[in-house]
Amino acid sequence: MASVSPPQTVINTVIALYSNGQIEEALDSVATLIKEYPDEPLLYNISGVCHKATGRLDAAVESFEKAVSLKPDYTEVNYNLGLTFQELGQLDDAVKCYENALAVNPDYAEAHNNLGVTLKELGKLDDAVKCYKKALAIKPDYTEAHSNLGNAFKELNQPEAAVKFYEKALTVNPDHAEAHYNLTIAYNNLGLAFMDLGKPNDAINCYEKALSLKPDDTEKHNNLGIAYAYNHLGIANNSLGLLDAALKCYKNALALKPDYVHAYANRANTLKDLKRLDEALASYESAITLDPDLDWILGNSLHTKMHLCLWGDLENRLHELTNKINNGEKVINPFVTLTLIDDPGIQRKNAETYAKDVYPRNHVLPEIEQYSKHKKIRVGYFSSDFRDHPVSHLTAELYEIHDRKRFEIHAFYFGPDTQDEMNLRIKAGVDRFHDVRTMSHEDVALLARSVELDIAVDLGGFTQFNRTGIFAMSAAPLQIGYIGYLGTMGADYMDYLIADQIIIPEANQKYYSEKVVYMPHSYQVNDSTQSLPTTIFMRQDVGLPETGFVFCCFNNNYKITPTTFDSWARILEQVDGSVLLIYAENESAKTNLNKEIVLRGVDSSRLIFGENLPMSEYLARYRVADLFLDTHPYNAGTTASDALRMGLPVLTCIGKSFASRMAASLLNAVNLPEMITTTQEQYESLAIELATNPDKLKIIKDKLVDNLPTAPLYDTSLFARQLESAYVAMYDRYQQGLDPDHIYVKH
């Protein structure tokens, strides 16, 4: 009669075959033994392990289940069965198996860890965290559990906690099994967490360590490139050098993997930052060829084309974008949407999709408990543009003249350390200037909380160099969007948006997730200390012919749409001898605009390209023009108020969204509503009439010049008092425990 169990020497022989990689031989041996010992669960466990090693997962399940049927409290088999179900994607079954193993042996650290992994895959992150912590309580030096806990906290949007456990994983056992592979992953994960924290220098160190261990890892080359590219956004002075370093990383990644779509997309982003737009577009197109559904790629490519004035198939692309946005797809940055689609409903839908995916509300910090009422309301302005930049040209005086008896003004800066005249002016013009360039989002939010900031004003929104992650963590009890981004953020952590009745009619409030602060004149602040230039240009000084009517537009090229350009061509065609003085930010745009005007039947000599001039000369140049033609759907902002200040009338066509109603707001604030049209036909007709009727144009110019000394658009002191009344109103609501609501500022 056969013994109950096979001799240990026989078992050891089978295990030796398995350990030496002779899996099939081990399977043959164990199959023979099972015939002799059909009720021995150990043999079925060995059979399952062998089947699993060869990828025969269903056979492995069958073997493990037979073992469990013979011995239900067989901890190791329950664990192995859980691993197999996990690999098969049968996650609920895997959970049951791990729980069975732990019911028998509550101190089974590996079972706690893998139960956590399975729960994480099921989206139960909080439960997964508990499992990893139990594993570590049993086995404090469990490297994998530390790493997994870091992964869970990263996914929970708690990068600070993630960093802690990733670093612990490396500290506990820097040379654990499969050292190079596991260390590479650990350093990469730590780098990703540092990027989430807004600490690219630390991320760079991690990726470089990962690559020193595994130089041919394409993902790490790509991630290193992202970190270098991010690091140039005001955090380091050697901006171009960092971007070049990023390009080298993407080149390395693509050399290893020529079809690496993310490297193409990231390389394109960096080339765009370097103003190498033709190369950027080619790289975007390569990415789209590989994966047309890559997140945000369609919008990035289209925006680059708009910078280059390449408009082929634009109408079809816009139709495609609209459909995808309505479907909740991740196709286009919200800022780019403002420049292309004049539909505030579509803009809100897209902003909500973007905010939810890229900048979701972050609960890493506790809710802000209500501060005691401060003697002075503490207002913080957050920007990457406290330097020679249009945002600062508009806002610099505002910071200086806030009523210091009622307000304490802070500036939080995360842009380049330019030390230029404007940068120094703003540093001197606020009560406290916080240089937060090298600080993480969380540390900036904590800093704002430490000074008990009452109101945080985001001057960037979804524009380049933004730090929206700070607001997602709640830097202050009240958070406001203003001037840098002309639309809704679609984020529930932004409370107010500063606008006016023209920008956002009451009927349009539903298209904005924020409550609207209605300024009585215009949403736009200006700098009344800005002196008019003493430079006097003659027409020939700026490349203009001696005679003929001069239309102009100095908006960025991406604001020029084919529809707007069609109107400009028809206007030029109807006004003999007229020219259009415009700005071209790159040679390709200039070439393409010349081609486009010829296609519309107008000689390219009628387009005059103005140079990029210093501020005083740029303003002086407006004096030689006769009429400023606005763009649609993204209007002139700073350029419009500059032109009006110089006595040059601006002609606009009002649209439906914030950005397409901006110039109308400015014109209303200088009492020139007759320059606001409602259709392209009216826009063209009035442009032609003013160009061919000098007397009518003179009446409008004289009216503008007469209005300027008293125009509320340039009365910074008045604007500051009105904005302060809005701050007081929202602060009082907050102190009373009331939710934000629309605020109507009185004249």
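Before moving on, here are some points about what is shown:
- Gyration tensor (alpha-carbon) shape descriptor, the stretch 1-126, a/c threshold 1.5: prolate
- Rounded to 10°, Cα long-axis angle of helix 587-599 versus longest principal axis of the chain: 60
- Accessible area of residue 372 in the full protein assembly, 1.4 Å probe (Å², nearest 10): 90
- Considering only 283, 306, 296, the residue lying farthest towards the positive end of the dipole of the stretch 274-333 is 306, judged by Cα position with unit charges set on Cβ.
- Using alpha-carbon coordinates, inclination of helix 441-450 to the longest axis of the chain, degrees: 70
- Each residue of the stretch 289-304 was assigned a 3J(HN,Hα) from its phi angle through the Karplus curve 6.51 cos²θ - 1.76 cosθ + 1.60 (θ = phi - 60°); the sequence is 4, 6, 8, x, 9, 4, 3, 6, 5, 4, x, 4, 5, 5, 5, 5 Hz, with glycine and proline shown as x.
- Within the chain, helix-based [θ] at 222 nm, where runs of 4 or more DSSP H residues each add -39,500 (n - 2.57), nearest 500: -17000 deg cm²/dmol
- Once the Cα-Cα distance is subtracted from the 0.36 nm per residue extended length, the residue 616 to residue 16 segment shows a gain of 207.6 nm.
- Distance between modelled label sites at residue 372 and residue 678, nm, 7 Å Cα→Cβ extension: 5.6
- A simple rule links phi to the HN-Hα coupling: the Karplus curve 6.51 cos²θ - 1.76 cosθ + 1.60 with θ = phi - 60°, which for the stretch 531-539 gives 7, 6, x, 8, 5, 10, 9, 8, 4 Hz, with x for Gly and Pro.
- Per-atom-type breakdown for the stretch 405-544 gives carbon and sulfur 49% of the accessible area (1.4 Å probe, protein chains only).
- Listed values (i) 27.7, 89; (ii) 32.1, 122; (iii) 34.6, 117, entry calculated as Rg and Dmax of the Cα atoms in Å: (ii)
- Counting charges near residue 324 (Lys, Arg +1; Asp, Glu -1) among other residues having Cβ under 13 Å from its Cβ returns a value of -1.
- Of the residues 9, 534, 591, ranked by 1.4 Å probe accessible area with the largest first, the sequence reads 534, 9, 591.
- Cα centroid separation - the stretch 307-349 against the stretch 186-201, whole Å: 32
- Residues whose placed amide H lies under 5 Å from that of residue 408, excluding near-sequence neighbours: 377, 378, 379
- Per residue, the accessible area of the chain comes to 41 Å² when a 1.4 Å probe rolls over the protein heavy atoms.
- Its Cα gyration tensor gives the stretch 613-728 an equivalent ellipsoid; the semi-axes, largest first and in whole Å, are 24, 18, 14.
- When the stretch 82-177 is described by a simple charge dipole with +1 on each Lys and Arg Cβ and -1 on each Asp and Glu Cβ, the residue from 86, 104, 132 located farthest towards its positive end is 132.
- Structural size metrics of the stretch 1-70, computed from C-alpha coordinates, are Rg and Dmax of 11.3, 36 Å.
- Hydrodynamic radius of the stretch 74-116 per Kirkwood, over alpha carbon pairs, in Å: 9.6
- Seen through its C-alpha gyration tensor, with square-root eigenvalues sorted a ≥ b ≥ c, the stretch 405-476 comes out oblate because a/c lies at 1.5 or above while a/b is not bigger than b/c.
- A Förster distance of 56 Å, applied to the separation of the beta-carbon atoms of residue 62 and residue 314, puts the FRET efficiency at 0.40.
- Three-way shape call for the stretch 380-520 based on the alpha-carbon gyration tensor, with the a/c threshold at 1.5: prolate
- Dipole magnitude of the stretch 676-747, debye to nearest 20 (Cβ charges: Lys/Arg +1, Asp/Glu -1, about Cα centre): 220
- FRET efficiency, residue 251 to residue 587 (Cβ-Cβ, R0 22 Å, nearest 0.05): 0.35
- In the chain, the longest principal axis of the Cα atoms and the axis of helix 91-104 are about 50 degrees apart.
- With a cut-off of 15 Å on the backbone N, the residues of the stretch 620-635 near the modelled label site 7 Å out from residue 538 along Cα-Cβ are 624.
- For the chain, size of Cβ-based charge dipole, Lys and Arg +1, Asp and Glu -1, in debye: 1560
The values are calculated or read from the model by the stated rules, or taken from the named source; none is laboratory data. Because the structure is a prediction, the values reported are computed rather than measured. Heads up, the Cβs are rebuilt from the backbone with ideal geometry, glycines too, and the neighbour counts pull from every protein chain shown. Accessible surface is based on the protein model in full, side chains and every heavy atom, while ligands, DNA and RNA are left aside. Shrake-Rupley method; radii C 1.70, N 1.55, O 1.52, S 1.80 Å.
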